[in-house]
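Visitor: Before anything else, here's the structure in question.
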Amino acid sequence: MLRLSLVVFALAGVFADAASGASIPHLRKQGVATQLIVDDRPFLILGGELANSSASNLAYLKPRWPRLAQLNLNTVLAPVSWELIEPEQGRFDFAIVDGLIRDARAHDMRLVLLWFGSWKNSMSSYVPAWIKRDPKRFERVRTPDGRQVDILSAFSESNREADAAAFRALLAHLKTFDQRRTVIMVQVENEVAMLPVAREYGAAANAAYAGAVPQRLLEFLAQHRERLHPTLRSVWESNGSKTRGSWESVFGPGIATEEIFTAWHYARYVDAVAQAGKAEYPLPMFANAALNRPRRLPGEYPSGGPLPHLIDIWKAGAPTLDFLSPDIYFPNFQDWIAPYARRDNALFVPEANRAGRPEAGAEAFLAIGRYDAMGVSPFSIDSVEDPTKDRLSGAYATLQQIAPIVLEHQGTGRMTAVQPPVSYEGAVDTSPQQFELGGYRFHATFLHQWTPVGEQRPATHGAIIVNLGEDEFLVAGSGVYLEFESLDATRREAGIESIWEGEFAEGRWMPGRLLNGDESHQGRRLMLPREEFGIQKLRLYRY
Ligand code: DGJ
């Protein structure tokens, strides 16, 4: 009997992979923030997304894992391509997924898997050959002149069912194979949106466009009127806030309505795929948006994705998704994260521009500290040649140390972050910024007093500031200078009692130097180092 149970135990170890016993990763509210819970604790994603083809070959990736570890990533975003896992309809091969999971574990990292299914950047290049070669069964998009383009139609039931079946099989496999919860979230499709026109023109699409707006969408608009994105709200209200009617009678004639129509149908399709996966294994799921270049029309930019002005359409059409995310390749990072950090939408940036930019660390601080992001992830992370020279590795090392404190304070109003805003054109606004925290007004500046401005890169400067207790603050970041003012009417002046630099080693504060003299401008200000990221504990007093 004992021998038999030992054999059963050993086999379970081989086949089922030792279970962690932790709950399935999920989202949880903390104050106004939404956090990702992994192994039953809040988790901060210090991520990086692989270049598109890197995860198609484990051997290719093998020598790159140590570099990802040197960048201090704790999570890798990796594509799973439909064509690789379902080479024949109904025959699945998960060897590559299993290998990715094993390799991530060996480097102590988690995975966010990206389902490259029906659509990857508007196109359908990741679908299996048995779909590519059968346009009769798996219908394509038609342009206004009736021509087919090599993009799967969102109006085809067989497309949707085939995708949902593959996604379901993937999640069912993860449920049994990944009992240690290495995979913490799944992105459903990649940058779904329509090009080169604003909507599809096949027979089913045309009929749907001539028909009525689904009641479900109209009810959503009526129920959420107060918090709709202002652009959508004004389109709907300026056409009479109708609660029934055709697309053009409810939203007005024109291309903006075509885009809303497209968003709705993509959302419904993606929702069906996500539902099939969640029915097997309910990991958090999201969709990502290719952002709309300003002053371009839908179709010139990818039309109908989960863009800021279409978030509500996606919320109504894809309630199975946990949140919607921006992929930010424009310099004005802050302008794009703000609309996604909504009460009803958790912020995560799966593609925070291309890896290797010196601003990436400061952007991570801003998103996590001010907008309660669950994390960020620059794209093509495996292309960083020398991690030791990349500012992201220092930023992530610092965030890793302060993560428990940051996570404890997200959503509570006792933490903020600063970084100079950058315009769409790339101009950095270095004006001083002010904010109030813990009964003090903070004045933040971003330029070093004694260094020529031309030699400074203020967009790489940023800080998180946490109010730990009365008069006590944790400040972490790089290139930010802080001065203080008391908000107490009876003791209007504020002074620095002490500033200690230091580190957290396994959660314990290890003080370094006491910073005074030139290192605090003779007690006038807190100064974070410019060349690297640092942590300082600050005590203020009033007099
Ligand atoms: C955005 C896409 O989502 C990525 O997969 C990749 O194609 C990048 N663009 C390339 O810049």
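The values are calculated or read from the model by the stated rules, or taken from the named source; none is laboratory data. Small disclaimer: the values here were computed from a predicted structure and weren't measured. So basically every Cβ, Gly included, is an ideal-geometry build from the backbone, and we count neighbours across all protein chains shown.
Visitor: Select, from Leu307, Leu321, Leu291, the only residue that is under 15 Å from the mean Cα position of the chain (by Cα), away from the ligand (no atom under 16 Å from the Cβ) and either of a type in the set (A, V, I, L, M) or under 30 Å from Leu468 (Cα atoms) (or both).
Guide: Of the residues listed, the single one that is under 15 Å from the mean Cα position of the chain (by Cα), away from the ligand (no atom under 16 Å from the Cβ) and either of a type in the set (A, V, I, L, M) or under 30 Å from Leu468 (Cα atoms) (or both) is Leu321.
Visitor: Going through segment 339-353 one residue at a time, which ones are touching a helix residue (DSSP H, G or I) at 6+ places or on another chain (Cβ under 8 Å) and either surrounded by fewer than 24 Cβ atoms within 10 Å (Cβ to Cβ) or closer than 21 Å to Gly411 by Cα (or both)?
Guide: Across segment 339-353, the qualifying residues are Pro339, Tyr340, Arg342, Arg343, Asp344, Asn345, Leu347, Val349, Asn353.
Visitor: While we're here: Which residue, of Val197, Val192, is within 16 Å of the ligand (Cβ to nearest atom), modelled with pLDDT of 95 or more and either part of a loop (DSSP other than H, G, I, E, B) or charged (D, E, K, R) (or both)?
Guide: Within the list Val197, Val192, the selection yields Val192.
Visitor: Considering Phe286, Phe220, Phe251, which residue is of a type outside the set (Val, Ile, Thr) and closer than 30 Å to Asp40 by Cα?
Guide: Going through Phe286, Phe220, Phe251 in turn, the sole match is Phe286.
Visitor: Please indicate, with yes or no, whether at least one residue in segment 66-80 is surrounded by fewer than 23 Cβ atoms within 10 Å (Cβ to Cβ), more than 16 Å from the ligand (Cβ to nearest atom), of a type in the set (Val, Ile, Thr) and outside any loop (DSSP other than H, G, I, E, B).
Guide: No, that holds for no residue.
Visitor: While we're here: With the requirement that a residue be in contact with a strand residue (DSSP E or B) (Cβ under 9 Å, 6 or more places away or on another chain) and either within 16 Å of the ligand (Cβ to nearest atom) or hydroxyl-bearing (Ser, Thr, Tyr) (or both), what does segment 163-184 give you?
Guide: Residue satisfying the conditions is Thr182 alone.
Visitor: What number of residues within segment 445-468 satisfy the criterion of being over 15 Å from Gln536 (Cα atoms) and not polar (S, T, N, Q)?
Guide: Result for segment 445-468: 12.
Visitor: Quick one: count up the residues across segment 313-350 that are part of a loop (DSSP other than H, G, I, E, B) and β-branched (Val, Ile, Thr).
Guide: 1
Visitor: Given the residues Ser122, Ser153, Ser118, Ser158, which is the only one that is within 16 Å of the ligand (Cβ to nearest atom), polar (S, T, N, Q) and either within 18 Å of Ala198 (Cβ to Cβ) or out of contact with any strand residue (DSSP E or B) (no Cβ under 9 Å at 6 or more places or on another chain) (or both)?
Guide: Ser122
Visitor: Okay, next question. Considering segment 354-384 alone, what residues qualify as being touching a residue at least 24 places away in the same chain (Cβ under 8 Å), surrounded by fewer than 20 Cβ atoms within 10 Å (Cβ to Cβ) and not polar (S, T, N, Q)?
Guide: Once the filter is applied, which keeps residues that are touching a residue at least 24 places away in the same chain (Cβ under 8 Å), surrounded by fewer than 20 Cβ atoms within 10 Å (Cβ to Cβ) and not polar (S, T, N, Q), segment 354-384 yields Arg354, Gly356, Pro358, Tyr371.
Visitor: Within segment 87-100, is there a residue that is surrounded by 21 or more Cβ atoms within 10 Å (Cβ to Cβ), closer than 30 Å to Ile402 by Cβ and modelled with pLDDT of 95 or more?
Guide: Yes.
Visitor: Could you check, for segment 86-102, whether at least one of its residues is within 16 Å of the ligand (Cβ to nearest atom), closer than 30 Å to Asp386 by Cβ and free of Cβ contacts under 8 Å to residues at least 60 places away in the same chain?
Guide: Among the residues of segment 86-102, not one is within 16 Å of the ligand (Cβ to nearest atom), closer than 30 Å to Asp386 by Cβ and free of Cβ contacts under 8 Å to residues at least 60 places away in the same chain, which makes the answer no.
Visitor: In segment 351-382, what count of residues is obtained for those that are outside any strand (DSSP E or B), within 16 Å of the ligand (Cβ to nearest atom), aliphatic (A, V, I, L, M) and more than 15 Å from Ser478 (Cα to Cα)?
Guide: Looking only at that region, the number is 2.
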